[in-house]
Amino acid sequence: MNISTHSTKSPFSNYLFMIDLSLPKKGEVLGYLDAKGPKPTREATAVVFYGAQGKIKEFVVGPLPNPTYIRDVTLGKYNMEIPLTARPVHKSEAIFLTTFISNVLKPLSKLMDESFGPGSASNVSYTEAMPSGLKSGDRQSWVGLTRNVEGFYIHHIGFELLINHQSTDFLQWHVVKLIYNGQYFDSVEELKQQYEAGSLRKIVYKPQPNYASLKPKQRPTGIGPQQYYAQGKRFSIYNNHVVYMGWSFAFGLSPLSGMRIFDVRFRGERIIYELSIQEAMSVYGSTTPNLMLTKYLDASLGIGRFAYELVKGVDCPYSATYIDTFHYLDTELPRRLKNSICIFEHDSGRPLRRHFSEIGDHSYGGLSNSALVFRTISAIANYDYIWDFIFYQSGSVEAKVHATGYIAASFNVNGSFPYGHQVAENIIGNIHTHFINFKVDMDVLGVKNVFQTKDMEFVNMSLPWMPKHHAMIPHLVEKQVKTEQEAALRYDAKTPRYLHIASNQTNRWGHQRSYRLQVTSFTGDHLPESQPEEKAMSWARYKVAITKHKDTEQTSGSLYNQFNIWTPAVYFSKYIEDNENIENEDLVAWVTTGFLHIPHAEDIPNTVTVGNGGGVILRPHNYFDEDPSIHSPDGVYIRPGSEQSCDDNRMACLAQQTCTPVLEPFTYQGFRFHLGQNQGD
């Protein structure tokens, strides 16, 4: 078997695209962690593109670190063969595509110079529409040409090409269509002839400053408030295990789906087996083809592989702990992403709880909201996603995402305004959705859980002391959901306000110990199910879907869903079709959040995080007998005469106990790999 690992080989070559950790079966892991069973075998998954055979194969290799066996798991994992056309555009193909575009533009140098500036034919960038085509097996992409400047995503020049790059023979690639200033052409020759004859609407080049540049327009004059640890860090990290204030968890970073944590415990009890990012999806609207059919599925491109180095003091507090990660996805050697995870304790600046009592007993009791933040940031082409898992002293965990980076844009032609607002000279910011999917495998006091909903309704009650008078009184409505289909809560239907994963054990007061899923979401409409592409993103049909855990249902998306979107390797809604019983079973919650984005002038130069995000909070609900944060050493309690006492008020003596911290010098090596230096060490 001849396999290349070099990224400049022809797309026709056999190509080792990815090596990743193969997650062990949950039963084996719990047997090891809880019952002193054998340690699960450590294995890897390898993805190989077979250019000559026109297919993709996945293999499991083990045991690590010295493998002795290899198994082809493709058919068993996906119940289908994976065609080569389902592959992402890897480095080799991207190099050939750039060369192809350069050759296409050479005969059009006069058009390019006059329309887009001198020398533009040899100095353009481009954005690529996804998926590539209209049906399975297609591999033809609309590319929108842009100026090759900082923030090129919002510098479209009004020229797009439809390129057929289906063949593994580079010489067989060809241009199918072109659109220039809103006018379609069947060939380069036709466009050239009509341009030179003056029989089309021309674009006239006009120099302009780069409105997309992120260079500050004022010189920095100072530093804002900084966070530091008055008495040292209160969390510890050993290998990939974190301990903080009653919390503990193991962490990892999938090159495809990104950040994930396992075996999350609070005060010694496992609450979550797995909390992980699954997919980030966007559907665009436009009148020009580069964005007209675009539906991005980011896990197919690699959410974790784009977790680049974090900038101290901006992406995370300067004093955070930074961790390197490694991946082998479309790279010659294992790639080191320096400082790509940060962990820090954060004071939100508002109390977690407090009360001042003026009536009767005079006292003040309060607790600062200090929480542990586990963060990565994925810069996936134009968008940057900030991913946070946050651990609170009240026993809650929050999975959160915020979007920033550049909007995807198009050139302003007739008919553009129903699809967005003009945000710059000849530039439309196109309407699009953001849908994010999280996997929440909760184990509330074990793996025998139920799914419950709670809500309210008004009941017309007769007043006991005045039976002839009635009042509308809020009433608690509770329900236990029995099957997967009943627990698939669609985005367009009314959803109960309280969603619980509950155990059969009760707290001191006789209520079932449970955790609540509280979703924060501002999503737009989901793609209609009548559309063939919808199968690849069917998880977005549901605000929350609860399924019975299966080792064969690990993810809601796949590496191949983007480029074979019409026949997806993972069709999430199939998980629900068998409608299994979910009472007293090991339950997994698939949570969808996000927001609708109608770009506006303030998205120039790029999008801010404020208001652009969503998430899910996992909150204890009758899990404890009282709020566990009452045991926090951060509590402050003041009674008249004790204001200056340090016994119950740590803030009273803070000034005497702290000093200015000594920080490490600022470093940043995020450009080393891109400038040709090796990061494989």
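The values are calculated or read from the model by the stated rules, or taken from the named source; none is laboratory data. What you are looking at is a predicted structure, and each value in this text was computed from that prediction instead of being measured. Every residue, glycine as well, gets a Cβ built from its backbone with ideal geometry; the counts of neighbours run over all protein chains shown. These accessible areas exclude ligands, DNA and RNA; they are computed on the full protein's heavy atoms, side chains included. Shrake-Rupley method; radii C 1.70, N 1.55, O 1.52, S 1.80 Å.
Data for the structure
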quantity: Residue within segment 145-160 that is under 30 Å from residue 52 (Cα atoms) and assigned to a strand (DSSP E or B) present; calculated: no
quantity: Every residue from segment 183-219 that is touching a Ser or Thr at 6+ places or on another chain (Cβ under 8 Å) and surrounded by fewer than 17 Cβ atoms within 10 Å (Cβ to Cβ); calculated: 202, 204, 205
quantity: Subset of segment 320-357 [open to solvent by 50 Å² or more (accessible area, probe 1.4 Å), within 22 Å of the chain's Cα centre (by Cα) and without any contact (Cβ under 8 Å) to a residue 24 or more places away in the chain]; calculated: 326
quantity: Residue, farthest from the chain's Cα centre (by Cα), within segment 489-539, restricted to residues that are part of a strand (DSSP E or B) and of a type in the set (Ser, Thr, Tyr); calculated: 506
quantity: Top-ranked residue of segment 540-559 - restricted to ones that are over 17 Å from the mean Cα position of the chain (by Cα) and in contact (Cβ under 8 Å) with a residue 60 or more places away in the chain, ranked as most open to solvent (accessible area, probe 1.4 Å); calculated: 552
quantity: Residue pairs meeting the criteria (Cβ under 9 Å; at least 6 apart or on separate chains; first within 22 Å of residue 14 (Cα to Cα) and of a type outside the set (A, V, I, L, M, F, W, C), in segment 92-103; second surrounded by fewer than 14 Cβ atoms within 10 Å (Cβ to Cβ) and modelled with pLDDT under 95); calculated: 92/6; 92/8
quantity: Conditions (1) in contact (Cβ under 8 Å) with a residue 24 or more places away in the chain; (2) over 30 Å from residue 194 (Cβ atoms); (3) of a type outside the set (D, E, K, R); number of the one not met by residue 69; calculated: (1)
quantity: Test: residue in segment 645-658 that is at pLDDT 90 or above and over 30 Å from residue 441 (Cβ atoms); calculated: no
quantity: Inter-residue pairs, beta-carbon under 6 Å, first free of Cβ contacts under 8 Å to residues at least 60 places away in the same chain and in segment 198-210, second in a loop (DSSP other than H, G, I, E, B), 6+ apart; calculated: 201/181
quantity: Tabulated pairs, segment 175-191, first in contact (Cβ under 8 Å) with a residue 60 or more places away in the chain and assigned to a strand (DSSP E or B), second open to solvent by less than 30 Å² (accessible area, probe 1.4 Å) and small (Gly, Ala, Ser), C-beta under 9 angstrom, 6+ apart or interchain; calculated: 179/158; 180/115; 180/158
quantity: Residue tally, condition under 25 Å from residue 529 (Cα atoms), assigned to a loop (DSSP other than H, G, I, E, B) and open to solvent by 20 Å² or more (accessible area, probe 1.4 Å), over segment 283-319; calculated: 3
quantity: Hits in segment 568-603 - residues which are in a loop (DSSP other than H, G, I, E, B), more than 30 Å from residue 270 (Cβ to Cβ) and open to solvent by 60 Å² or more (accessible area, probe 1.4 Å); calculated: 598, 600
